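Heads up, the thing below is written out as structure tokens.
The values are calculated or read from the model by the stated rules, or taken from the named source; none is laboratory data. These numbers come from a predicted model, not from an experiment. Positions of Cβ are generated from backbone atoms using ideal geometry, with glycine treated the same way; all protein chains shown enter the neighbour counts.
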């Protein structure tokens, strides 16, 4: 008898929990969503695809709403990348102890002179960089274009500059920095769109 009473108590508790928390849905209780390509207002060409695909992937993974075309959707998610920038940090200057390297051209038979520095006067190199991105996401009802929900998301992530010459000397290798920056933006896109999905799909 006590076992039956305990079982009923547990069942009632679970039912109360489900009722109080409800089902996770899109704003308005809808379950079909369109996610067109994000608008990119930055100078970083092509990054809109990272955010669009990341958000679509979050919905496919969760299964909480079906990603479909605008003609079939009840809600459309309009994403805008407002800012994406990369800035250098931890600069070092020619003349400081950090910015010296042996001259690469030496006379035949002679050893490089560590006091020679081939870098031009006024040279400044950064030891690290930071990429920052900010995005807004708006959920609109397709039937009347009214705004159901809106959120802003931003993140910054750093990466080290490439090493050249000696271990204490870093450079501004454009190809390396571009590649590293793209990798960072892809990671930021995944993180921000995961956060956006979770905030958007809170109980309504």
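Miscellaneous remarks
The rows are residues; the columns are (1) in a helix (DSSP H, G or I); (2) more than 19 Å from residue 197 (Cβ to Cβ); (3) modelled with pLDDT under 95; (4) in contact with a helix residue (DSSP H, G or I) (Cβ under 6 Å, 6 or more places away or on another chain).
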| residue | (1), (2), (3), (4) |
| --- | --- |
| 5 | yes, yes, yes, no |
| 12 | yes, yes, yes, no |
| 15 | yes, yes, yes, no |
| 19 | yes, yes, yes, no |
| 23 | no, no, yes, no |
| 43 | no, yes, yes, no |
| 52 | yes, no, no, no |
| 57 | yes, no, no, no |
| 60 | yes, no, no, no |
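- Any chance residue 92 is in contact with a strand residue (DSSP E or B) (Cβ under 7 Å, 6 or more places away or on another chain), at negative phi, modelled with pLDDT of 90 or more and not in a loop (DSSP other than H, G, I, E, B): no
- Which numbered condition residue 97 fails, given (1) modelled with pLDDT under 95; (2) under 26 Å from the mean Cα position of the chain (by Cα): (2)
- Just so you know, in the range 157-178 the residues that are surrounded by 14 or more Cβ atoms within 10 Å (Cβ to Cβ) and under 17 Å from the mean Cα position of the chain (by Cα) include one that is modelled with the highest pLDDT, and it is 157.
- Only a single criterion out of (1) at pLDDT below 95; (2) over 21 Å from the mean Cα position of the chain (by Cα) is not satisfied by residue 148, namely (1).
- Considering the range 185-200, and only residues there that are surrounded by 19 or more Cβ atoms within 10 Å (Cβ to Cβ) and touching a residue at least 60 places away in the same chain (Cβ under 8 Å), the residue that is nearest to the chain's Cα centre (by Cα) turns out to be 189.
- Filtered by the rule that a residue be buried (at least 17 other Cβ atoms within 10 Å of the Cβ) and in a strand (DSSP E or B), the range 133-147 gives 133, 134, 135, 136, 137, 139, 140, 141.
- Candidates 200, 137, filtered to the one that is at pLDDT below 95 and under 30 Å from residue 27 (Cα atoms): 200
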